[in-house]
Amino acid sequence: MGNNGEQLRMLVIGVGNRLRGDDAAGPRVADNIRSRALPGVHIIDHSGEGASLMEAWQSGETVFLVDAADSGGESGQIYEFAAHERSLPARFFRYSTHAFSVAESIELARVLDRLPARLHVYAIEGRDFGAGGTMSTEVSRAVEVVSDRIEALVLGIAHGSNAESDPCTNSVS
Amino acid sequence: MSNAKKSRTIKVDYMARVEGEGALFLKIRDGKVSDVKLKIFEPPRFFEAFLRGRKWTEAPDITARICGICPIAYQSSSISAMESIVGAKIDGPIRELRRLVYCGEWIESHVLHMAMLHAPDFLGYEDAIQMAKDHPDVVKNALRLKKIGNELMTVVGGREIHPINLRVGGFYRTPTKKQLLAMRDDLLWACDASVALTKLVSTFEFPDFERDYEFVAMRHPGEYPLWEGRLVSNRGLDIPIEDFFKHFEEEHVKHSTSLHSFVKLRGAYHVGPLARFNLNFDRLTPRCRELAQEIGVTPPCTNPFKSIVVRGFETLYACEESLRIIESYEEPEKPFIELAPRAGRGHGCSEAPRGICYHTYAIDDNGVITDARIAPPTAQNQRTMEEDLAAFVPRHADLPDDKLTWRCEQAVRNYDPCISCSCHFLRLHVDRD
């Protein structure tokens, strides 16, 4: 519960495809959070399709969005952004005739004033996104780190403390 | 013109706002295009190969995975092909629902392409995010329109991406009348919104560029084509679907992992909204035709840049057709007709947002697929895209490379190419030296 006793609406969105190796990072974090039965948290899996993603986070005041990344970094590296405060780096963008992705949907929502009050984005650098592939060890470890991080933030918010510390970029070796 | 400008190469390694990965290579000599290649470098996806050995009823769900934005086209064509093998004729509410879910796909695909991906080209923005800063209401309305298309997909198809409710013989479950009528108000709004969007894009500045295309589309006796019809062209083609490979041929080219299609003895052809519009204008609703007359874009329209306007007409059509179906819908007693396999070959074709999607399958007496061939729309348009560039670039050869690249990308995006489903497509490389 929040400081004023109202139920804070927290949402965890795990973006990705469970059947494509490291792309399962988002849904795996969602699974972890689900299994920890945290108070006041709603959890969804999502394909990452931008337009519907913008709809999905409308229901959350504090949203934790987890997605795999392929930005040229070290496998397992975690990028954490307070997307409600600043734009995502350009390397996380990818347009196509068919869809716009997570980064584009965040920036489009910012322009259209459709961002949630707090949007914490965790991007986990992946290595293998092949169909039917298994998750790499580095990404598996990063999944646990991100899950713990979100749990700490959720519990902090639920207990009324100012647990939403400054965003940072971590590397999981 | 300096010698340096007489001869140059422009190369775009990754083209923005197209689906999949490919490149465009242009070689210009003395102001003329001496070489143009759309290079496709996605790996082959082997869909046709791994369909073999699967049950005939699995094809709709497997082929839906070829594309995330037009899965209904793949499901429709594979279902049609399978039903044609056993001589099934599906009518009544099930047929209507098939048109309805296809309308949902058209709405979401056309609106995404028009407002988010192609409009920035005409308005001079890098992307839709930049455009949204100056035109927020356009983007907001487009997103709402697209959402309505997604909802149609969900209500009829089970989910908005890769629907799972379509099957050979019908659906696994049909929606209630109440579920469909719940979308009526949204669709009434969508009709007006699509008119407004179409009028807006019609005010864009279009390059003075026209070509004498062979347009190929389906044609139905009484409807604007979605699932059924013959294949016709403006050069006399009028054939049943099963004769596709008697008149069309695919060839492998060195620079592409996709096949290039052409009309035998003639060459490149053009499929998609512009082809449908030119060949089926009389099948559009009165409101669509009136809008076209008012805007001044009527057949024959041979400027590919105006395809963005035609997508608007088709969005309005899909909204109106959805309303008609929803209001007249009667829940069927059973969601599907039970069909038993028998050995044979079948053919299916439907009008994906970006053009005809042809499938043919052979199955044995147990319903096991023994052969599969799929001709996706982008592969069919690929040669036409190259020929467009060869004709378009000389008129703009004096532009600096960045501006020329912009123009070339815009010309390619006229087709809304999908490399993922054609296994096909784009980087730009212009060689002027």
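Data overview
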| item | result |
| --- | --- |
| Per-pair calculated FRET efficiency, R0 = 45 Å: A:HIS159 and B:GLU48 via Cβ, rounded to 0.05 | 0.20 |
| Size of charge dipole - segment B:40-136 - debye, nearest 20, with Cβ of Lys, Arg +1 and Asp, Glu -1, no other charges | 540 |
| Whether segment B:213-353 is rounded, prolate or oblate, judged on the alpha carbon gyration tensor where a/c under 1.5 counts as rounded | oblate |
| Gyration tensor over alpha-carbon atoms, chain B, equivalent ellipsoid semi-axes in Å | 35, 26, 18 |
| Alpha-carbon Rg with Dmax, taken over segment B:114-208, Å | 16.8, 49 |
| Amide H contacts of B:ALA217 (H built 1.01 Å from N, under 5 Å, at least 5 apart or other chain) | B:VAL232 |
| Integer Hz, Karplus 6.51/-1.76/1.60 couplings in order for segment A:52-60, x for Gly and Pro | 6, 4, 4, 6, 4, 7, 4, 7, x |
| Average other protein chain Cβ within 10 Å of Cβ, residues A:43-52 | 4 |
| DSSP-defined beta bridges in the protein assembly as shown - what % are antiparallel, rounded to 5 | 70 |
| Inter-centroid distance (Cα atoms) of segment B:104-128 relative to segment A:7-39, Å | 31 |
| For chain B, accessible area per residue (1.4 Å probe, heavy atoms of protein chains only), Å² | 37 |
| Built amide H within the under 5 Å cut-off of A:VAL12, gap 5+ | A:HIS42, A:ILE43, A:ILE44, A:PHE64 |
| Gyration tensor (alpha-carbon) shape descriptor, segment B:320-393, a/c threshold 1.5 | oblate |
| Peptide-level mean, for B:129-141, of C-beta atoms on other protein chains within 10 Å | 3 |
| Charge-dipole axis of chain B as Lys and Arg at +1 and Asp and Glu at -1 on Cβ define it, positive-most pick from B:VAL310, B:PRO400, B:TYR125 | B:PRO400 |
| FRET E, pair B:LYS177, B:ARG373, Förster distance 56 Å, beta-carbon r, rounded to 0.05 | 0.90 |
| Rounded to whole Hz, the Karplus (6.51, -1.76, 1.60) HN-Hα couplings of segment B:141-157, x for glycine and proline | 5, 5, 5, 5, 4, 4, 4, 5, x, 4, 5, 4, 4, 6, 5, 8, x |
| Mean Cβ neighbour count within 10 Å, used as a protection proxy, ranking A:72-81, B:47-56, B:149-158 highest first | B:149-158, A:72-81, B:47-56 |
| Segment A:8-68, relative contact order in percent, only Cα pairs under 8 angstrom and at least six apart counted | 53 |
| All Cα pairs of the protein assembly as shown, percent lying beyond 39 Å | 31 |
| Estimated dipole of the protein assembly as shown in Debye, rounded to 20 [Cβ of Lys and Arg +1, of Asp and Glu -1, Cα centre] | 980 |
| Global form of segment B:206-282, assessed from the alpha-carbon gyration tensor, a/c cut-off 1.5 | oblate |
| Phi-based couplings in Hz for segment B:90-96 (Karplus 6.51, -1.76, 1.60; Gly and Pro marked x) | 9, 10, x, x, 5, 4, 4 |
| Out-of-range pairs (alpha-carbon distance over 26 Å; input B:LYS147/B:LYS403; B:LYS55/B:LYS178; B:LYS37/B:LYS403) | B:LYS147/B:LYS403; B:LYS55/B:LYS178 |
| Residue-count net charge about A:SER52 - beta-carbon cut-off 11 Å; Lys, Arg +1, Asp, Glu -1 | -2 |
| For B:ASN165, distant residues with modelled amide H under 5 Å away | B:ARG159 |
| Mean separation of Cα contacts under 8 Å (6+ apart) over length of segment B:192-346, as relative contact order % | 28 |
| Heavy-atom accessible surface of chain B: percent carbon and sulfur, 1.4 Å | 48 |
| Contour minus Cα-Cα distance for B:LYS55 and B:ARG184 (0.36 nm per residue) | 42.7 nm |
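The values are calculated or read from the model by the stated rules, or taken from the named source; none is laboratory data. What you are looking at is a predicted structure, and each value in this text was computed from that prediction instead of being measured. Cβ atoms come from the backbone with ideal geometry, glycine included; neighbour counts cover every protein chain shown. Ligands, DNA and RNA are stripped out before the accessible areas are found, and what is left, the full protein with its side chains, is counted by its heavy atoms. Shrake-Rupley method; radii C 1.70, N 1.55, O 1.52, S 1.80 Å.
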